[in-house]
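Trainee: Please find one structure pasted underneath; my questions will follow.
Please treat every number below as a calculation from the coordinates, not as lab data. None of the values given here were measured: they were computed from a predicted structure. Glycine gets a Cβ as well: all are built from the backbone with ideal geometry, and neighbour counts include every protein chain shown.
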Amino acid sequence: MRISVLGSAAGGGFPQWNCNCRNCAGVRAGSVRCKPRTQSSIFVRPDKSADGVLFNASPDLLEQIRARPELQPARALRDTAIAGVVLMDGQVDHATGLFMLRERGTPLPLWCTDPVHDDLTQGNPILRVLGHYCGVDRHRIGLDGTAFRVPGVEGLSFRALALSSKPAPYSPHREQPVDGDNIGMLITDLASGATAFYAPGLGAITPPVFDAMAGADAVLVDGTFWTDDEMPRLGIGHKTARSIGHLPQSGPGGMIEWLAKLPARTRRCLIHINNTNPILDEDSDERALLTRERIEVCEDGMLIPL
């Protein structure tokens with residue numbers, strides 16, 4: 001399989017439009033060595049197939065499609081390589097891009113859990129709005145461990161795991177998360193047996209999640225914040241990383257500590273990186289630490305073949 005990183009930033013992208021933190025001001029001025037990033041999304045396809053699955057539809061989706069020609073194979077007057085969309089949660093930065101797919105001539109094939117479907121038909125009724133355009137062919141993602149497939153992408157199978165995290169602010173159970181608000185996905189190439197685990201929003205690593213990570217050839221996991229107090233310390237917010245459903249990289253029990261427990265063969269990648277995170281600075285001490293730990297920082301356009 002081939003995993004294309006379409007976007008690697010957290011909500012707001014990088015640089016964030018209204019932010020002048022060291023990272024955002026530095027990338028605009030060219031004084032910090034880092035790359036701009038769009039909001040997080042990946043596209044996964046079998047090696048010998050043009051068609052694949054879009055994981056999350058960010059507000060930057062049209063820019064991402066233009067930057068990746070393989071998503072427009074031009075086999076017909078109207079064409080796309082996106083055979084289906086899988087949502088990992090119902091957050092704005094992962095679902096708003098669905099509006100950009102409204103010109104389809106047939107209902108959009110969409111996979112999501114019941115809580116995400118509820119949030120996107122009630123609190124933020126994106127799916128109801130799409131009903132006035134192409135419509136939505138919704139498929140339920142179960143959490144019982146049963147694998148599913150996406151028609152047109154027969155070489156891959158998918159299995160969802162419930163994650164400890166937080167639903168979108170417009171969810172009626174924002175402060176009382178339920179299973180299915182956020183999921184991780186184990187992606188398997190049926191021909192080669194290669195596997196990847198994708199979890200851009202991850203608040204805690206439970207035994208089932210760690211087992212999935214440890215059995216994967218590559219993991220693309222939550223890289224939002226470096227420290228738990230990153231936003232309060234910078235004076236740009238009062239909430240901690242963990243309180244909004246993101247496991248920070250550093251500190252006891254942080255992502256770095258968990259990734260160090262994975263088998264040596266596992267490729268370790270951080271995705272969904274907030275604009276405040278010092279790992280965006282390629283010359284930072286934090287980035288050097290990740291390099292020593294063999295942890296990669298995803299960037300837009302990155303290709304991960306498995």
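Trainee: Can you tell which of 54, 20, 44 lies farthest toward the positive end of the dipole of region 1-90, using +1 and -1 charges on the Cβ of basic and acidic side chains (Lys, Arg; Asp, Glu)?
Mentor: About the Cα centre, the residue reaching furthest to the positive side is 20.
Trainee: For the chain, which cysteines have no disulfide-compatible partner, meaning no other cysteine Cβ under 4.7 Å?
Mentor: So, 21, 34, 112, 134, 269, 298.
Trainee: Hey, another quick one. Counting pairs of alpha carbon atoms under 8 Å apart in space and at least six apart in sequence, what relative contact order in percent does the chain give?
Mentor: Relative contact order here is 20 percent.
Trainee: Given 250, 141, 162, which one lies farthest toward the positive end of the charge dipole of region 2-305, if we put +1 on the Cβ of every Lys and Arg and -1 on the Cβ of every Asp and Glu?
Mentor: Of 250, 141, 162, it is 141.
Trainee: Can you run phi through the Karplus equation (6.51, -1.76, 1.60; θ = phi - 60°) for region 12-27 and list ³J(HN,Hα) in whole Hz, with x for Gly and Pro?
Mentor: In residue order, the calculated couplings are x, x, 9, x, 6, 4, 10, 10, 10, 5, 4, 5, 5, 5, x, 6 Hz.
Trainee: Still on this structure, please answer the following. Please list 3J(HN,Hα) in residue order for region 96-102, calculated via the Karplus relation 6.51 cos²θ - 1.76 cosθ + 1.60 where θ = phi - 60°; whole Hz, with x for glycine and proline.
Mentor: 4, x, 4, 4, 6, 9, 5
Trainee: Can you give me the long-range amide H partners of residue 297? Hydrogens built in the peptide plane at 1.01 Å from N, cutoff under 5 Å, separation of 5 or more residues or another chain.
Mentor: Long-range HN contacts for residue 297: 270.
Trainee: Let me ask another. Could you tell me the largest-minus-smallest coordinate of the C-alpha atoms of region 2-305 on each of the three principal axes, in descending order and whole angstroms?
Mentor: Per principal axis, max minus min of the Cα coordinates gives 48, 40, 40 Å.
Trainee: For the chain, set up a GNM with springs between Cα atoms under 10 Å and report which of 248, 177, 200 has the largest fluctuation.
Mentor: Answer for the Gaussian network model of the chain: 177.
Trainee: Okay, moving on. For region 85-166, calculate the relative contact order in percent as a whole number, restricting contacts to Cα pairs under 8 Å that are 6 or more residues apart.
Mentor: 26
Trainee: What residues have an amide H closer than 5 Å to that of residue 139, excluding those fewer than 5 places away on the same chain, when H is modeled at 1.01 Å from N in the peptide plane?
Mentor: Placed amide hydrogens put 110, 111, 112 under 5 Å from residue 139.
Trainee: While we're here: Considering the alpha-carbon set of region 135-226 alone, what are its Rg and its Dmax in angstrom?
Mentor: 14.2, 42
Trainee: Cα to Cα, under 24 Å, and not fewer than 8 places away if on the same chain: which lysines meet these conditions relative to residue 239?
Mentor: Candidates past the 8-residue exclusion: 166.
Trainee: Here is a further query. By count of other Cβ within 10 Å, fewest leading, how are 166, 35, 48 ordered?
Mentor: If I rank by nearby Cβ atoms, fewest first, I get 48, 35, 166.
Trainee: Tell me which of 151, 69, 132 sits at the most positive position along the dipole axis of the chain, charges placed on C-beta atoms (Lys, Arg +1; Asp, Glu -1).
Mentor: Farthest along the dipole direction, towards plus: 69.
Trainee: Here's something else I'd like to know. With θ set to phi - 60°, apply the Karplus curve 6.51 cos²θ - 1.76 cosθ + 1.60 along region 256-265 and write out the HN-Hα couplings as whole Hz, x wherever there is a Gly or Pro.
Mentor: Taking θ as phi minus 60°, the curve returns 4, 4, 5, 5, 5, 8, 6, x, 4, 6 Hz for region 256-265.
Trainee: Note down the magnitude of the dipole of region 11-141 about its Cα centre, charges +1 on Lys and Arg C-beta and -1 on Asp and Glu C-beta and zero elsewhere, to the nearest 20 debye.
Mentor: Taking the Cα centre of region 11-141 as origin, the dipole is about 500 debye.
Trainee: If one computes the Cα centroid of region 213-233 and of region 48-112, what distance in Å separates the two points?
Mentor: Taking the Cα centre of each part, region 213-233 and region 48-112 sit 25 Å apart.
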